[in-house]
(Lines give C-alpha, C1' and ligand atoms only; values in the text may rest on other atoms or scores of the structure.)
Protein backbone atom coordinates (compact mmCIF):
# COMPACT_ATOMS: atom_id res chain seq x y z
CA UNK A 1 0.00 0.00 0.00
CA UNK A 2 1.28 3.48 -0.91
CA UNK A 3 2.60 5.76 1.80
CA UNK A 4 1.73 9.41 2.30
CA UNK A 5 3.72 12.23 3.92
CA UNK A 6 2.24 13.32 7.23
CA UNK A 7 3.10 15.69 10.03
CA UNK A 8 2.29 15.65 13.72
CA UNK A 9 2.49 18.52 16.20
CA UNK A 10 3.64 17.40 19.65
CA UNK A 11 3.66 18.99 23.07
CA UNK A 12 5.72 17.42 25.82
CA UNK A 13 7.37 18.01 29.15
CA UNK A 14 11.10 17.57 28.76
CA UNK A 15 11.58 16.60 32.39
CA UNK A 16 10.41 13.07 31.56
CA UNK A 17 12.61 12.51 28.50
CA UNK A 18 16.32 12.18 27.75
CA UNK A 19 15.82 14.53 24.81
CA UNK A 20 14.28 14.09 21.37
CA UNK A 21 16.70 11.72 19.64
CA UNK A 22 16.36 7.97 20.11
CA UNK A 23 19.08 6.59 22.42
CA UNK A 24 19.73 3.07 23.65
CA UNK A 25 18.41 2.40 27.15
CA UNK A 26 16.93 5.91 27.43
CA UNK A 27 13.36 7.17 27.19
CA UNK A 28 13.26 9.74 24.39
CA UNK A 29 10.49 11.54 22.53
CA UNK A 30 11.48 10.01 19.19
CA UNK A 31 11.53 6.55 20.73
CA UNK A 32 8.07 6.94 22.25
CA UNK A 33 6.54 8.34 19.04
CA UNK A 34 8.13 5.76 16.75
CA UNK A 35 7.18 2.91 19.07
CA UNK A 36 3.61 4.23 19.10
CA UNK A 37 3.45 4.44 15.31
CA UNK A 38 4.84 0.91 15.03
CA UNK A 39 2.09 -0.39 17.31
CA UNK A 40 -0.52 1.28 15.10
CA UNK A 41 0.70 0.39 11.59
CA UNK A 42 2.60 -2.83 12.35
CA UNK A 43 6.04 -1.81 11.10
CA UNK A 44 8.83 0.61 11.95
CA UNK A 45 8.13 4.25 11.04
CA UNK A 46 11.05 6.70 10.96
CA UNK A 47 10.31 10.23 12.19
CA UNK A 48 12.14 13.53 11.69
CA UNK A 49 11.71 16.47 14.07
CA UNK A 50 11.85 20.18 13.27
CA UNK A 51 14.51 20.56 15.96
CA UNK A 52 16.18 18.33 18.51
CA UNK A 53 15.50 19.11 22.16
CA UNK A 54 17.91 18.18 24.94
CA UNK A 55 16.97 16.39 28.14
CA UNK A 56 14.80 18.67 30.24
CA UNK A 57 13.80 20.99 27.36
CA UNK A 58 10.07 21.28 26.71
CA UNK A 59 8.13 21.61 23.45
CA UNK A 60 4.92 23.49 22.78
CA UNK A 61 4.90 22.92 19.03
CA UNK A 62 7.42 20.27 18.01
CA UNK A 63 6.69 19.21 14.42
CA UNK A 64 7.47 15.68 13.28
CA UNK A 65 7.34 14.31 9.73
CA UNK A 66 6.94 10.68 8.68
CA UNK A 67 5.49 8.39 6.01
CA UNK A 68 2.32 6.44 6.77
CA UNK A 69 -0.08 4.28 4.70
CA UNK A 70 -2.66 6.36 2.82
CA UNK A 71 -5.56 4.45 4.39
CA UNK A 72 -5.08 6.25 7.72
CA UNK A 73 -7.19 9.39 8.08
CA UNK A 74 -5.42 12.17 9.99
CA UNK A 75 -8.03 12.39 12.73
CA UNK A 76 -7.98 8.61 13.23
CA UNK A 77 -4.20 8.59 13.40
CA UNK A 78 -4.15 11.44 15.91
CA UNK A 79 -6.54 9.63 18.25
CA UNK A 80 -4.73 6.30 17.86
CA UNK A 81 -1.27 7.77 18.48
CA UNK A 82 -2.47 9.81 21.45
CA UNK A 83 -3.98 6.63 22.92
CA UNK A 84 -0.71 4.65 22.76
CA UNK A 85 1.60 7.38 24.07
CA UNK A 86 1.89 8.54 27.68
CA UNK A 87 0.32 11.53 29.40
CA UNK A 88 3.56 13.55 29.34
CA UNK A 89 3.29 13.79 25.55
CA UNK A 90 0.26 15.12 23.67
CA UNK A 91 -0.44 14.69 19.97
CA UNK A 92 -1.97 18.10 19.30
CA UNK A 93 -2.51 17.71 15.58
CA UNK A 94 -1.89 15.34 12.65
CA UNK A 95 -2.18 16.40 9.02
CA UNK A 96 -1.28 15.59 5.43
CA UNK A 97 1.96 17.18 4.23
CA UNK A 98 3.39 17.80 0.76
CA UNK A 99 5.00 14.65 -0.60
CA UNK A 100 8.58 14.36 0.63
CA UNK A 101 8.04 16.82 3.49
CA UNK A 102 10.89 16.89 6.01
CA UNK A 103 10.14 18.71 9.28
CA UNK A 104 13.71 19.96 9.78
CA UNK A 105 14.97 20.58 6.24
CA UNK A 106 11.87 22.46 5.09
CA UNK A 107 11.57 24.79 8.10
CA UNK A 108 12.44 28.41 7.34
CA UNK A 109 12.75 29.40 11.01
CA UNK A 110 12.31 28.14 14.56
CA UNK A 111 11.22 29.93 17.70
CA UNK A 112 12.22 29.26 21.32
CA UNK A 113 11.16 30.79 24.60
CA UNK A 114 12.98 30.88 27.94
CA UNK A 115 11.26 31.53 31.28
CA UNK A 116 13.24 33.25 34.02
CA UNK A 117 11.76 33.31 37.54
CA UNK A 118 12.98 36.11 39.80
CA UNK A 119 10.43 36.01 42.60
CA UNK A 120 10.47 33.62 45.62
CA UNK A 121 7.44 31.74 44.25
CA UNK A 122 9.45 30.58 41.24
CA UNK A 123 10.69 27.80 43.54
CA UNK A 124 7.16 26.39 43.67
CA UNK A 125 6.89 22.82 42.35
CA UNK A 126 4.18 24.14 40.04
CA UNK A 127 6.67 26.51 38.39
CA UNK A 128 10.27 25.40 38.94
CA UNK A 129 10.14 22.39 36.56
CA UNK A 130 9.34 24.79 33.69
CA UNK A 131 11.53 27.83 34.37
CA UNK A 132 14.87 28.91 35.80
CA UNK A 133 14.01 29.63 39.44
CA UNK A 134 16.74 32.25 39.86
CA UNK A 135 15.00 34.04 42.77
CA UNK A 136 17.19 37.12 42.38
CA UNK A 137 16.80 40.63 41.01
CA UNK A 138 18.07 41.36 37.53
CA UNK A 139 18.32 44.57 35.52
CA UNK A 140 15.63 44.40 32.83
CA UNK A 141 17.22 47.22 30.82
CA UNK A 142 20.48 45.26 30.65
CA UNK A 143 18.60 42.14 29.54
CA UNK A 144 16.84 44.10 26.80
CA UNK A 145 20.04 45.78 25.60
CA UNK A 146 21.98 42.53 25.42
CA UNK A 147 19.15 40.84 23.51
CA UNK A 148 19.11 43.57 20.85
CA UNK A 149 22.77 42.89 20.06
CA UNK A 150 21.89 39.30 19.09
CA UNK A 151 19.55 40.30 16.23
CA UNK A 152 21.06 39.82 12.78
CA UNK A 153 23.49 37.36 11.25
CA UNK A 154 26.40 36.36 13.49
CA UNK A 155 28.88 33.55 13.98
CA UNK A 156 27.60 31.94 17.19
CA UNK A 157 30.65 29.71 17.79
CA UNK A 158 31.02 31.15 21.31
CA UNK A 159 27.47 30.06 22.14
CA UNK A 160 27.73 26.47 20.88
CA UNK A 161 28.51 23.32 22.83
CA UNK A 162 32.02 22.00 22.29
CA UNK A 163 32.37 19.02 19.97
CA UNK A 164 29.83 19.76 17.26
CA UNK A 165 31.41 20.00 13.83
CA UNK A 166 29.46 22.27 11.48
CA UNK A 167 30.19 23.64 8.00
CA UNK A 168 29.64 27.06 9.58
CA UNK A 169 28.28 28.56 12.79
CA UNK A 170 26.32 31.48 11.34
CA UNK A 171 22.70 31.97 12.32
CA UNK A 172 20.32 34.70 11.23
CA UNK A 173 18.34 35.87 14.27
CA UNK A 174 15.11 37.68 13.39
CA UNK A 175 13.69 38.06 16.92
CA UNK A 176 15.56 38.42 20.22
CA UNK A 177 13.69 40.13 23.01
CA UNK A 178 12.88 40.00 26.70
CA UNK A 179 9.54 40.99 28.18
CA UNK A 180 8.27 41.24 31.73
CA UNK A 181 6.03 38.54 33.15
CA UNK A 182 2.93 39.51 35.16
CA UNK A 183 2.95 39.93 38.94
CA UNK A 184 6.72 40.55 39.02
CA UNK A 185 7.37 36.86 38.41
CA UNK A 186 10.40 37.55 36.22
CA UNK A 187 10.98 37.71 32.48
CA UNK A 188 10.45 35.79 29.23
CA UNK A 189 13.03 35.64 26.46
CA UNK A 190 11.88 34.94 22.88
CA UNK A 191 14.26 34.17 20.05
CA UNK A 192 13.60 33.19 16.44
CA UNK A 193 16.27 32.24 13.89
CA UNK A 194 16.78 30.26 10.74
CA UNK A 195 18.85 27.70 12.65
CA UNK A 196 20.20 27.04 16.15
CA UNK A 197 23.38 25.40 17.41
CA UNK A 198 23.46 22.85 20.23
CA UNK A 199 22.73 24.66 23.54
CA UNK A 200 22.94 28.04 21.79
CA UNK A 201 19.86 29.55 23.46
CA UNK A 202 20.92 28.37 26.92
CA UNK A 203 24.42 29.85 26.50
CA UNK A 204 22.90 33.13 25.32
CA UNK A 205 20.52 33.29 28.28
CA UNK A 206 23.27 32.42 30.77
CA UNK A 207 25.46 35.23 29.44
CA UNK A 208 22.63 37.77 29.33
CA UNK A 209 21.58 36.99 32.90
CA UNK A 210 25.17 37.44 34.11
CA UNK A 211 25.20 40.85 32.40
CA UNK A 212 21.85 41.76 33.98
CA UNK A 213 23.14 40.76 37.43
CA UNK A 214 26.22 42.96 37.06
CA UNK A 215 28.61 40.03 36.84
CA UNK A 216 29.96 41.11 33.46
CA UNK A 217 29.65 44.26 31.30
CA UNK A 218 27.27 44.69 28.37
CA UNK A 219 30.28 44.99 26.05
CA UNK A 220 30.97 41.30 26.72
CA UNK A 221 28.03 40.37 24.50
CA UNK A 222 29.69 42.10 21.54
CA UNK A 223 32.99 40.47 22.44
CA UNK A 224 31.43 36.99 22.56
CA UNK A 225 29.61 37.50 19.26
CA UNK A 226 33.00 38.25 17.70
CA UNK A 227 34.67 35.25 19.34
CA UNK A 228 35.18 31.79 17.84
CA UNK A 229 35.25 29.72 21.04
CA UNK A 230 33.16 29.49 24.20
CA UNK A 231 35.84 29.59 26.88
CA UNK A 232 34.74 33.07 28.00
CA UNK A 233 31.01 32.42 27.65
CA UNK A 234 28.89 32.15 30.79
CA UNK A 235 27.58 28.76 31.86
CA UNK A 236 24.41 27.70 30.03
CA UNK A 237 21.07 28.42 31.67
CA UNK A 238 19.21 25.37 33.07
CA UNK A 239 17.42 23.21 30.52
CA UNK A 240 14.03 23.30 32.25
CA UNK A 241 13.55 26.99 31.44
CA UNK A 242 13.72 26.40 27.69
CA UNK A 243 10.62 25.77 25.59
CA UNK A 244 10.61 25.03 21.87
CA UNK A 245 7.68 27.09 20.59
CA UNK A 246 7.87 25.62 17.10
CA UNK A 247 9.04 25.99 13.49
CA UNK A 248 7.73 28.03 10.59
CA UNK A 249 7.17 26.77 7.04
CA UNK A 250 6.79 28.75 3.79
CA UNK A 251 4.59 26.13 2.08
CA UNK A 252 0.91 27.21 1.85
CA UNK A 253 -0.15 23.62 2.61
CA UNK A 254 1.48 23.90 6.04
CA UNK A 255 -0.13 27.11 7.23
CA UNK A 256 -2.05 25.16 9.88
CA UNK A 257 1.29 24.46 11.56
CA UNK A 258 2.26 28.15 11.50
CA UNK A 259 -1.12 29.12 12.96
CA UNK A 260 -0.74 26.59 15.77
CA UNK A 261 2.77 27.85 16.59
CA UNK A 262 1.59 31.48 16.56
CA UNK A 263 -0.95 30.63 19.27
CA UNK A 264 1.67 29.26 21.65
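The values are calculated or read from the model by the stated rules, or taken from the named source; none is laboratory data. Since we're looking at a predicted model, the values are computed, not measured. All Cβ positions, even for glycine, are placed from backbone atoms using ideal geometry, and neighbour counts span all protein chains on display.
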Residue 44 passes all but one of the listed conditions (1) assigned to a loop (DSSP other than H, G, I, E, B); (2) in contact (Cβ under 8 Å) with a residue 12 or more places away in the chain; (3) more than 30 Å from residue 238 (Cα to Cα); the exception is number (2)
Matching entry among 44, 52 (being more than 21 Å from the chain's Cα centre (by Cα) and not assigned by TED's automatic domain parsing to the domain that holds residue 137) = 44
Consider residue 189 against the criteria (1) outside the structural domain of residue 11 (by TED's automatic domain parsing); (2) in a helix (DSSP H, G or I); (3) in contact (Cβ under 8 Å) with a residue 40 or more places away in the chain: it satisfies all of them except one. Which criterion is unmet?
-> (2)
Which of (1) surrounded by 17 or more Cβ atoms within 10 Å (Cβ to Cβ); (2) without any contact (Cβ under 8 Å) to a residue 12 or more places away in the chain does residue 154 not meet, given it meets every other one?
-> (2)
Which one is surrounded by the fewest Cβ atoms within 10 Å (Cβ to Cβ), of the residues in segment 107-138 that are in contact with a strand residue (DSSP E or B) (Cβ under 8 Å, 6 or more places away or on another chain) and farther than 25 Å from residue 17 by Cα?
-> 108
Scan 78, 99, 93 and give me the residue that is touching a residue at least 40 places away in the same chain (Cβ under 8 Å), in contact with a strand residue (DSSP E or B) (Cβ under 9 Å, 6 or more places away or on another chain) and part of a strand (DSSP E or B).
-> 93
Among 176, 207, 234, which is the only one that is in contact with a helix residue (DSSP H, G or I) (Cβ under 9 Å, 6 or more places away or on another chain), crowded, with 18+ Cβ neighbours inside 10 Å and in a strand (DSSP E or B)?
-> 176
